[in-house]
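Novice: Okay, handing you the structure first.
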Amino acid sequence: MATVTATRTLRPPPEYRLVETVRSLTFSRYDPCARIAAGTLWWAVRTPDGPATLALRRHGGDLLAEGYGPGADRVLDRADAIAGLRDDLTGFADLATAHPVVARLAAGHRGLRMPATGQVFRQALRAVLEQKVTGQEAYRAYAATVRHFAEPAPGPLQPLLLPPDPARVAAAPYWVFHPFGMEQRRAETLRRVAATADRLERCADPGEATRRLVALPGVGPWTAAEVVRIAYGDPDAVSVGDYHVPNTVAWALAGEPRGDDARMLALLEPFRGHRGRVCVLLAAGGVQAPRYGPRMPVRSFARF
């Protein structure tokens, strides 16, 4: 059994819900880099001090954070943010009253917080692989990429792997990624993001990170929003260009089964400052617009 390097006790508000909050940090229940098992989040990460694994679990009314590996102290310093406890809900209660659906979801999910991991490349890896493909295709490419660059994470939960080293991803040629079901466009975008990972990790706020991300070919507003919402806990980040979210917002807030980005942004405008939070609440509440027509097919670019 691996030895805990360091621990920290956090005191969340009484209504706080750990699993609901940290579920966004995992890419399915089979994520090789993050796992929720028996109510505990196991989250592997690279830090400037070396690899680390963070375990977050409830302990009575408290939240116990355990760190493993050389980077344990650094990840524990950020454990409250990763757990969503730095999430600033100032003003949202008043804004939520602007619509009965938002008010109901805000009340029903009072314990849901938005994590802020501080990890830009880790989230960009997932976001780039989710561009314009089904969730199943994206996860296959993500899992295959992580396992190709496999490095074990410290701690007792095995097998748990570290996210890929950006330098190794940037140095890998396109053909390495092709068997993972990744076409050249996404592979080259991922390599560009990896090559600038050091600068991206040093961005002071979500605005700077967004500007640097969208300046990279292949990265647009959707990808940037998906990154800063998790890396910085940005409550206003809206995934413009998403296949489903505009329809979900239009259905939930206006009873319209279909909506485009402009309609989505207009409906979210009363919640400015927390527009991304509204989208998170709609997802948490299972709100979905009516489905018409066939689903997007699952493809395998590895065969092309």
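The values are calculated or read from the model by the stated rules, or taken from the named source; none is laboratory data. Worth saying up front: this structure is predicted, and the values here are computed from it rather than measured. With ideal geometry, Cβ positions are generated from the backbone for all residues, glycine too; neighbour counts draw on all protein chains shown. When the accessible area is computed, the model is the full protein with side chains, heavy atoms only, and any ligands, DNA or RNA have been set aside. Shrake-Rupley method; radii C 1.70, N 1.55, O 1.52, S 1.80 Å.
Novice: With respect to residue 70, determine if the residue is of a type outside the set (Gly, Ala, Ser), open to solvent by 60 Å² or more (accessible area, probe 1.4 Å), touching a strand residue (DSSP E or B) at 6+ places or on another chain (Cβ under 6 Å) and within 24 Å of residue 200 (Cβ to Cβ).
Specialist: It is true that residue 70 is of a type outside the set (Gly, Ala, Ser), open to solvent by 60 Å² or more (accessible area, probe 1.4 Å), touching a strand residue (DSSP E or B) at 6+ places or on another chain (Cβ under 6 Å) and within 24 Å of residue 200 (Cβ to Cβ).
Novice: Keeping to region 82-94, report how many residues are of a type in the set (Phe, Trp, Tyr) and crowded, with 22+ Cβ neighbours inside 10 Å.
Specialist: Initially, region 82-94 is screened for residues of a type in the set (Phe, Trp, Tyr), giving 92.
If we keep only those that are crowded, with 22+ Cβ neighbours inside 10 Å too, we end up with none.
Count: 0.
Novice: Now, a different point. Pairs please, first residue from region 149-174 and without any contact (Cβ under 8 Å) to a residue 40 or more places away in the chain and closer than 23 Å to residue 200 by Cα, second anywhere and of a type in the set (Ser, Thr, Tyr) and not in a loop (DSSP other than H, G, I, E, B), Cβ atoms under 7 Å, 6+ apart in sequence or on different chains.
Specialist: Between residues of region 149-174 that are without any contact (Cβ under 8 Å) to a residue 40 or more places away in the chain and closer than 23 Å to residue 200 by Cα and residues that are of a type in the set (Ser, Thr, Tyr) and not in a loop (DSSP other than H, G, I, E, B), the close pairs are 164/145.
Novice: Can you tell which of 54, 41, 64 is farther than 30 Å from residue 273 by Cα and in contact (Cβ under 8 Å) with a residue 12 or more places away in the chain?
Specialist: None of the other options fit; the residue is 64.
Novice: Inside region 187-208, can you point out the residues that are open to solvent by less than 40 Å² (accessible area, probe 1.4 Å), in contact (Cβ under 8 Å) with a residue 40 or more places away in the chain and in a helix (DSSP H, G or I)?
Specialist: 189, 190, 193, 194, 197, 200
Novice: Continuing with this model, one more query. Just checking, which of 276, 255 is at pLDDT 95 or above and within 21 Å of residue 109 (Cα to Cα)?
Specialist: Unique residue meeting the criteria: 276.
Novice: Residue by residue through region 7-45, note down the ones that are in a strand (DSSP E or B) and open to solvent by 20 Å² or more (accessible area, probe 1.4 Å).
Specialist: Residues of region 7-45 that are in a strand (DSSP E or B), as a first pass: 7-10, 34-37, 40-45.
The answer is 7, 8, 9, 35, 36, 37, 42.
Novice: Being surrounded by 24 or more Cβ atoms within 10 Å (Cβ to Cβ) and either without any contact (Cβ under 8 Å) to a residue 60 or more places away in the chain or in a loop (DSSP other than H, G, I, E, B) (or both) is the filter here; which residues of region 247-260 pass it?
Specialist: Residue satisfying the conditions is 249 alone.
Novice: List pairs: first in region 218-242 and over 20 Å from residue 81 (Cα atoms) and charged (D, E, K, R), second open to solvent by 20 Å² or more (accessible area, probe 1.4 Å) and not in a loop (DSSP other than H, G, I, E, B), Cβ under 7 Å, 6+ apart or cross-chain?
Specialist: Cβ pairs passing all conditions: 242/222.
Novice: If a residue has to be over 26 Å from residue 95 (Cα atoms) and either touching a strand residue (DSSP E or B) at 6+ places or on another chain (Cβ under 6 Å) or assigned to a loop (DSSP other than H, G, I, E, B) (or both) to count, how many in region 209-236 make the cut? Walk me through how you get there before you give the answer.
Specialist: The initial filter retains those residues of region 209-236 that are over 26 Å from residue 95 (Cα atoms), namely 209, 211-220, 223.
Next, from what is left, pick out any that are either touching a strand residue (DSSP E or B) at 6+ places or on another chain (Cβ under 6 Å) or assigned to a loop (DSSP other than H, G, I, E, B) (or both): 215-220.
Adding up the residues that qualify gives 6.
Novice: Of the conditions (1) closer than 20 Å to residue 95 by Cα; (2) crowded, with 19+ Cβ neighbours inside 10 Å, residue 263 fails just one. Which one is it?
Specialist: In the conditions (1) closer than 20 Å to residue 95 by Cα; (2) crowded, with 19+ Cβ neighbours inside 10 Å, residue 263 misses (2) alone.
Novice: Is it fair to say residue 138 is in a helix (DSSP H, G or I), open to solvent by less than 40 Å² (accessible area, probe 1.4 Å) and touching a Leu at 6+ places or on another chain (Cβ under 9 Å)?
Specialist: yes
Novice: Hey, another quick one. Looking only at region 160-180, count how many residues are assigned to a loop (DSSP other than H, G, I, E, B) and within 21 Å of the chain's Cα centre (by Cα).
Specialist: The initial filter retains those residues of region 160-180 that are assigned to a loop (DSSP other than H, G, I, E, B), namely 160, 162-165, 172-173.
Still in the list and also within 21 Å of the chain's Cα centre (by Cα): 160, 162-165.
The total comes to 5.
Novice: When you go through (1) open to solvent by 20 Å² or more (accessible area, probe 1.4 Å); (2) in contact (Cβ under 8 Å) with a residue 40 or more places away in the chain; (3) under 24 Å from residue 287 (Cβ atoms) one by one for residue 119, which number turns out not to apply?
Specialist: It is condition (3) that residue 119 fails.
Novice: Could you list, ordered by first residue, the pairs with Cβ atoms under 6 Å in which the first is in region 95-113 and in contact (Cβ under 8 Å) with a residue 24 or more places away in the chain and buried (at least 17 other Cβ atoms within 10 Å of the Cβ) and the second is part of a loop (DSSP other than H, G, I, E, B) and of a type in the set (Asp, Glu), at least 6 apart or interchain?
Specialist: From residues that are in contact (Cβ under 8 Å) with a residue 24 or more places away in the chain and buried (at least 17 other Cβ atoms within 10 Å of the Cβ), the pairs are 113/87.
Novice: Ok, one more. Of the numbered conditions (1) within 23 Å of residue 30 (Cα to Cα); (2) at pLDDT 95 or above; (3) buried (at least 16 other Cβ atoms within 10 Å of the Cβ); (4) not charged (D, E, K, R), residue 152 satisfies every one except a single condition; which is it?
Specialist: Result: residue 152 passes all but (3).
Novice: Return the residues of region 51-67 that are assigned to a strand (DSSP E or B) and loosely packed, with under 13 Cβ neighbours inside 10 Å; say none if nothing qualifies.
Specialist: Selection gives 59, 62.
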